[in-house]
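These notes are about the structure you will find just below.
The values are calculated or read from the model by the stated rules, or taken from the named source; none is laboratory data. Quick caveat, the model's predicted, so the values are computed rather than measured. Positions of Cβ are backbone-derived with ideal geometry, glycine not excepted, and every protein chain shown enters the neighbour counts.
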């Protein structure tokens, strides 16, 4: 049996859930999310917990079991606590600021790069070199953070660019062979 799929999901106080017709809806203090799921699976409320059950041990049902449980758990946590992804800017003169709702990046291009957040996602800049991407939908927050990072990925030689907080970049050595004496006449 799926180890992830059989774990119950604790529902915090102030969060209401409904599951009908292949759509799981969760409402909480931060907002509302809907998660579509395969109607062959059943989602039951068991006291203060939610349990996802599968009809058989077919490989397809086993795969959907763990996936559905994880998506439901992410939605429950999102409407109660929310998600935040932290990014860092590395490079001389690299900085970020929030202009209205939009994120404005000065990262070595001839113009500032403006990123408009989709609905449900917000930007915060606690320091000029740190960016926080927040929202209730885990997938959307992660995708927006990846899109911000894609504007200027860390380069392989100096490590300058936008990176996830704590991300380690393996730097290349550069032109070490150019200073050697071999091959010169």
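The table that follows gives values for the structure above.
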item: Test: residue in the range 120-139 that is within 30 Å of residue 14 (Cα to Cα) and part of a helix (DSSP H, G or I); result: yes
item: One residue from 19, 75, 10 being farther than 21 Å from residue 120 by Cβ and surrounded by 15 or more Cβ atoms within 10 Å (Cβ to Cβ); result: 19
item: Matching residues in the range 28-84 - criterion: being in a helix (DSSP H, G or I), within 15 Å of residue 5 (Cα to Cα) and out of contact with any strand residue (DSSP E or B) (no Cβ under 7 Å at 6 or more places or on another chain); result: 59, 60, 61, 62, 63, 64, 66, 67, 70, 74
item: Counted residues, the range 18-27 - those being more than 13 Å from residue 72 (Cα to Cα) and part of a strand (DSSP E or B); result: 1
item: Some residue of the range 116-123 being surrounded by 13 or more Cβ atoms within 10 Å (Cβ to Cβ) and either in the same structural domain as residue 32 (by TED's automatic domain parsing) or closer than 16 Å to residue 92 by Cα (or both); result: no
item: Filter result (under 22 Å from residue 167 (Cβ atoms) and touching a strand residue (DSSP E or B) at 6+ places or on another chain (Cβ under 8 Å)) within the range 106-121; result: 106, 107, 113, 115, 117, 121
item: Flag if residue 103 is touching a residue at least 60 places away in the same chain (Cβ under 8 Å), touching a helix residue (DSSP H, G or I) at 6+ places or on another chain (Cβ under 9 Å), within 20 Å of residue 161 (Cα to Cα) and in the same structural domain as residue 157 (by TED's automatic domain parsing); result: no
item: Filter pass, residue 108 being more than 20 Å from the chain's Cα centre (by Cα), at pLDDT below 95 and either surrounded by 14 or more Cβ atoms within 10 Å (Cβ to Cβ) or over 24 Å from residue 25 (Cα atoms) (or both); result: yes
item: Matching residues in the range 106-122 - criterion: being free of Cβ contacts under 8 Å to residues at least 60 places away in the same chain and within 16 Å of residue 147 (Cα to Cα); result: 106, 107, 112, 113, 114, 115, 116, 117, 118, 119, 121, 122
